[in-house]
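The block underneath contains the structure these notes are about, expressed in structure tokens.
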Amino acid sequence: MRTKTILIIILTVLITIFLMMNTDAVQFDFIFVKKDISKLLVVGICTFAGFLLGYWAGRPRTVISTYDRNEDETLPVNSPPVKGALSDEDRDYIS
């Protein structure tokens, strides 16, 4: 197994143990209402929200590049030879 996979498994086990140890009810203040809610639920939701925010902040951005276009769309029909193309003489010299 890869190191990343092992670390994810260890982190998941530690979070699960922590959540199972904190199952008692606590009074949680919402904006206008006070409710008795399990610590398990509060910590679990906060952990999940933290993972989502971390993934959202760390994901790679999508980059739209002009190099992604199809060559047929960008080159005219009677285009001159490509600047980096080798001539027959150059090919013979390399061979």
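Some points to look at:
- Here the mean projected area of the convex hull built on the C-alpha positions of region 1-64 is 7.0 nm².
- Modelled spin labels at LEU53 and GLU89, positioned 7 Å past Cα toward Cβ, are 6.6 nm from each other.
- Placed amide H near PHE28: partners under 5 Å, 5+ positions off or other chain: LYS35, ASP36, ILE37
Values in this text are rule-based calculations from the coordinates and carry no lab data. Quantities reported herein were computed from a predicted structural model and do not represent experimental measurements. Glycine gets a Cβ as well: all are built from the backbone with ideal geometry, and neighbour counts include every protein chain shown.
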